[in-house]
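Worksheet: one structure, shown below.
The values are calculated or read from the model by the stated rules, or taken from the named source; none is laboratory data. Worth saying up front: this structure is predicted, and the values here are computed from it rather than measured. FYI the Cβ positions are ideal-geometry reconstructions off the backbone, even for glycines, and counts take in every protein chain you see. Surface areas here come from the heavy atoms of the whole protein model, side chains and all, with no ligands, DNA or RNA. Shrake-Rupley method; radii C 1.70, N 1.55, O 1.52, S 1.80 Å.
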Amino acid sequence: MRIFDPHIHMTSRTTDDYEAMAAAGVRALVEPAFWLGQPRTGVGTFADYFDALLGWEPHRASQFGIRHHCALALNPKEAGDPRLTGVLDLLPRYLAKDGVVAVGEIGYDSMTPAEDDAFARQLELALRHGLPVLVHTPHRDKATGTRRTLDVVRESGIDPEFVVVDHLTEATVGMVADSGCWMGFSVYPRTKMSERRMVDILGRYGTERMLVNSAADWGHSDPLKTRATGDAMLAAGFDADDVDRVLWRNPVAFYGQSGRLDLEPAAGTEAAPAADDGAAPAPVAAPAPVAAYAGNSLARGGE
């Protein structure tokens, strides 16, 4: 089973997670920019964060044979902070970089006028740079937030094929399916979506335009929920081709619209990915020397 996790926050995870993901079949991922839990107080902190998503984190993932890509944005949780509106002026120079395969996460948290403005401006940036968009739907009043999201997407003029609306549930999947946008689902241990519910939705709506992610971060989450969903699909009667479509070919098709995906096998130094039959991973090798990364650092704002 090969897996592309289309939404996971590896900055919050450990190298043990990378090793377990590689053993489970994860070969590639996208890490969207998000709220770190502690409010940021200035634009410079975002520049440092974006640099890490473009430099350090891809190096860390490559040690385990995983290709790391990112989506960059001013996230909805912080879009209302007037100290951070300058991030919208910072983004264009980062959205031009290799490794950035989408604009995201954008969308709504509390559905405020400031969030409206940030959402619309970042959709405009996506259009200007020819990038797909990853849209976060709010945790509160999700149905209203999803309807409002789809209205803004329509008004922006962006092709719905370039938009994935994420964190969907049974109450919101239908309206997104009708919109022509891609449908994203975050599978969590206790909240959002379980693998059993995910399988039920796939049985009802099919596998086209479906993206399943772990959205694992600093909260109670599980970076192996993509694999758990694949196993649940097989147990429910889906075949291996269905699983490959949902967990690999769909995210490749969506983010491939950026023209920037790199899916060549990453040369892992920590542990080789497990075979598709679930065999145990290879023994852990000695860590790569720090110098292996030093030459890969990205000067802030450089192209």
- Task: Once every Cα of segment 1-131 carries one equal point scatterer and solvent is ignored, give the base-10 log of I(q)/I(0) from the Debye formula at q = 0.11, 0.18 Å⁻¹, two decimals.
- Result: -0.39, -0.95
- Query: Quick one: which of K77/K225; K97/K192; K97/K142 span more than 27 angstrom between C-alpha atoms?
  - Reply: K97/K192; K97/K142
- Query: If you take the square roots of the eigenvalues of the alpha-carbon gyration tensor of segment 59-214 and sort them as a ≥ b ≥ c, do you get rounded (a/c under 1.5), prolate (a/b over b/c) or oblate?
  - Reply: oblate
- Take the chain, connect every pair of alpha-carbon atoms lying under 10 Å apart with a spring to form a Gaussian network, then pick out the residue of H139, H68, H220 with the largest mean-square fluctuation. H220
- Item | Per residue accessible area of the chain, 1.4 Å probe, in Å² | 40
- Message: Can you say what percent of the DSSP beta bridges in the chain, counting only those with both residues inside, are antiparallel? Round to 5.
- Response: 5
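Given a Förster distance of 45 Å, report the FRET efficiency between M175 and A235 from their Cβ-Cβ distance, rounded to the nearest 0.05. Please list the in-between numbers first.
Values: r = 29 Å, r/R0 = 0.65.
Working from the Cβ atoms, E equals 0.95.
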- Query: How high is the relative contact order of the chain, given as a whole-number percent (alpha carbon pairs under 8 Å, six or more residues apart)?
  - Reply: 25
- Task: Evaluate the relative contact order of segment 98-148 (contact order divided by residue number), counting alpha-carbon pairs under 8 angstrom at least 6 apart; express in whole percent.
- Result: 45
- Cα centroid distance between segment 150-193 and segment 70-136, in Å? 17
- Note on the structure: Heavy-atom accessible area of the chain with neighbours in place, 1.4 angstrom probe: carbon+sulfur share in percent works out to 53
- Task: Determine the relative contact order of segment 61-163: mean sequence separation of Cα pairs under 8 Å and six or more apart, normalised by residue count, in whole percent.
- Result: 26
- Message: Is there a quick way to get the dipole size of the chain? I mean about its Cα centre, with the Cβ of Lys and Arg at +1 and of Asp and Glu at -1; what is the value in debye to the nearest 20?
- Response: 300
- Near M193, within a Cβ-to-Cβ distance under 13 Å, what is the net charge of the other residues, with Lys and Arg +1 and Asp and Glu -1? +1
- Compute log10 of I(q)/I(0) for the chain with the Debye formula, placing one identical point scatterer on every Cα and leaving out solvent, at q = 0.10, 0.11, 0.15 Å⁻¹, to two decimals. -0.51, -0.62, -1.18
- Here, D48 and R154, labelled 7 Å along Cα→Cβ, have an inter-label distance in nm of 4.3
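For segment 124-217, which trypsin sites (Lys or Arg not before Pro) are both in a DSSP coil and crowded by at most 16 other Cβ atoms within 10 Å?
Working: sites: R128, R140, K142, R147, R148, R154, R190, K192, R196, R197, R204, R209; in loops: R140, R190, R209.
Within segment 124-217, the qualifying trypsin sites (Lys or Arg not before Pro) (loop, at most 16 other Cβ atoms within 10 Å) are R140, R190.
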- Item | Within the chain, helix-based [θ] at 222 nm, where runs of 4 or more DSSP H residues each add -39,500 (n - 2.57), nearest 500 | -11000 deg cm²/dmol
- Message: Please list 3J(HN,Hα) in residue order for segment 253-266, calculated via the Karplus relation 6.51 cos²θ - 1.76 cosθ + 1.60 where θ = phi - 60°; whole Hz, with x for glycine and proline.
- Response: 5, 5, 6, x, 5, 6, x, 10, 5, 10, 10, 5, x, 7
